[in-house]
Amino acid sequence: MPLRPDGSLNHDLMPGEKGPQDACGVFGVWAPGEEVAKLAYFGLYALQHRGQESAGIATSNGEQILVYKDMGLVSQVFDETALDALTGHLAVGHCRYSTTGGVTWENAQPTLGATAGGTVALGHNGNLTNSAELVNLVAERYGAQRRGELARGNTTDTALITALLAGDADHTLAQTALEVLPRLRGAFSLVFMDEGTLYAARDPQGVRPLVLGRLQRGWVVASETPALDIVGASYVRDVEPGELLTIDADGLRSEKFAEPERAGCVFEYVYLARPDNTINGRSVHASRVEMGRTLAREHPVDADLVIPTPESGTPAAVGYAAESGIPFGQGLTKNAYVGRTFIQPSDTLRQLGIRLKLNPLREVIRGKRLVVVDDSIVRGNTQRALIRMLREAGAAEVHVRISSPPVKWPCFYGIDFASRAELIANGLTPDEIGQSLGADSLGYISTEGMIAATEQPASQLCAACFTGKYPIELPTADQLGKHLLEQAELPLGAPEDGLTQVSVGAGGGTALNHP
Ligand code: SF4
């Protein structure tokens, strides 16, 4: 398995490749009488694709918040003992892929902050663009008094939000949220809670998804609709950009903290979200099939067989085949368990590269002119190795079709691409990229075609990684970066702020509570 520069396993890529990675999944539930920790566990299980570095759940019984978190997959972090210890009637959960701050236990979420009257626990999907400014705001407001997560070595933008939301003795959490949320810039889909109330909020652009669902005896908020399905909640609506939801014994309330300026991430439709997700009323699977149809119209080719790069390329390949009339086939088998091995390949095995993940079905592809459909090209290593493998297996021609335009710009709103210098589309034309990959031809969908397939107005989508037009203003380069807060002068004080550590269960995680 490939490792990221920080040493963590990258579960999705072949050795040598680094591709787009999600920023996180969030889940919140308010449901008296239900086992909320287990609902959160299964919700996070459905959101695992959004972050595999760490997972955590916080619950409250109305008097005390407990949080249990650790490094690893949801199924590795939690066992029955840990979940049984997390009692209460409301919960927030989180699975993390880091885009601000290192891969450490301290940076796992939910984060905790001590408020004047209790505790706030928070999970965040997205990435703020004004963290440097918020560091100053925390210092200005609280000086050495504000400690919480920051004092425990948390170097994420999420810890800054938690510190600001913890507020002061004169305000409730709801009042503080309405004052703090408009000061945040960038992408944030948040779930947070105090001892008695669940909150959810989404940035004014609605960059990352967040949906509201209904249980028979409660409410659920989650990054994607499959997390509602798995716990038996019915979809109610998307949380609106610029909206704060408050859920407690008095029911559900909605407040607007900013005017919506919609700019949802188009890449969620292309690759990031699960195909069974629905974003703003549009099925992700249907969008991907339509992208394939568009690709067939924009880049037709004489060929014998359309095959997907499993599995993310499958819906677009189905669409390409349907539109072109060329038969669809499975020319590659995927090892479903790659990503679950912790055995590192030796240098010799590393040469096998892509075969760890994919293997060609020779009898299907031998002598055929192939159309190979994939969702995106980042650095190109996977596609280069794949094309070589297909030729060795007897393919007569290999035509590559990509259901997103060339990725040329970095994302500052919560998706981790390769650096700009590593992006293969940076400085090369599609024909040059095709030659570099060893393809007989290469065709990318147009930006217009991709956007039309989502059935969302172009003016309400972010497509900055393809166009370079960023919908949320960016600060100067020295005010951005994953490790910005590790270098910042934070206003820290002594570590004791009323939060103490206690052990829960036999697992490797640790719980924190507020006595
Ligand atoms: S830059 Fe790309 S990945 Fe990032 S939010 Fe915009 S469309 Fe999504």
field: Long-range neighbours under 9 Å by Cβ, at least six apart or interchain, first residue farther than 22 Å from residue 289 by Cβ within segment 397-413, second in a strand (DSSP E or B) and of a type in the set (Lys, Arg)
entry: 397/369; 398/369
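Every residue, every condition in (1) open to solvent by less than 10 Å² (accessible area, probe 1.4 Å); (2) without any contact (Cβ under 8 Å) to a residue 40 or more places away in the chain; (3) assigned to a strand (DSSP E or B), yes or no:
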{"position": "237", "(1), (2), (3)": "no, yes, yes"}
{"position": "240", "(1), (2), (3)": "no, yes, no"}
{"position": "244", "(1), (2), (3)": "yes, no, yes"}
{"position": "247", "(1), (2), (3)": "yes, no, yes"}
{"position": "255", "(1), (2), (3)": "no, no, yes"}
{"position": "259", "(1), (2), (3)": "no, no, no"}
{"position": "262", "(1), (2), (3)": "no, no, no"}
{"position": "269", "(1), (2), (3)": "yes, no, no"}
{"position": "274", "(1), (2), (3)": "no, no, no"}
- request: Name the one entry in 432, 363, 422 that is farther than 29 Å from residue 325 by Cβ and free of Cβ contacts under 8 Å to residues at least 60 places away in the same chain.
  value: 432
message: Cβ contacts < 6 Å: first residue under 18 Å from residue 277 (Cα atoms) and in the same structural domain as residue 311 (by TED's automatic domain parsing), restricted to segment 40-61; second residue assigned to a loop (DSSP other than H, G, I, E, B) and among the hydrophobic types (A, V, I, L, M, F, W, C), any location; separation 6+ or different chain. Result?
response: none
statement: Selection from segment 401-428 of residues modelled with pLDDT of 85 or more, within 14 Å of the ligand (Cβ to nearest atom) and of a type in the set (Lys, Arg) yields 408
- prompt: Is segment 171-191 home to any residue that is away from the ligand (no atom under 16 Å from the Cβ) and at pLDDT below 90?
  reply: yes
message: Suppose we keep only residues that are within 21 Å of the chain's Cα centre (by Cα) and of a type in the set (Ser, Thr, Tyr) within segment 24-62. Which one would you say is surrounded by the fewest Cβ atoms within 10 Å (Cβ to Cβ)?
response: 45
task: Would you point out which residue out of 234, 254 is farther than 23 Å from residue 122 by Cα and of a type in the set (Ser, Thr, Tyr)?
output: 234
message: Take residue 306 and tell me if it is open to solvent by 30 Å² or more (accessible area, probe 1.4 Å), of a type outside the set (Lys, Arg), farther than 17 Å from residue 447 by Cα and over 21 Å from the mean Cα position of the chain (by Cα).
response: no
message: Please return the ranges of strands (runs of 3 or more DSSP E) entirely within segment 158-220 where 1 or more residues are open to solvent by 30 Å² or more (accessible area, probe 1.4 Å).
response: 211-215
- prompt: If you scan segment 62-83, which residues turn out to be touching a residue at least 60 places away in the same chain (Cβ under 8 Å) and in contact with a Lys or Arg (Cβ under 8 Å, 6 or more places away or on another chain)?
  reply: 77
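The values are calculated or read from the model by the stated rules, or taken from the named source; none is laboratory data. All figures in this text were calculated on a predicted structure; none of them were measured in a lab. All Cβ positions, glycine included, derive from the backbone under ideal geometry; neighbour counts span all protein chains shown. Note: areas computed on protein heavy atoms with side chains; ligands, DNA, RNA excluded. Shrake-Rupley method; radii C 1.70, N 1.55, O 1.52, S 1.80 Å.
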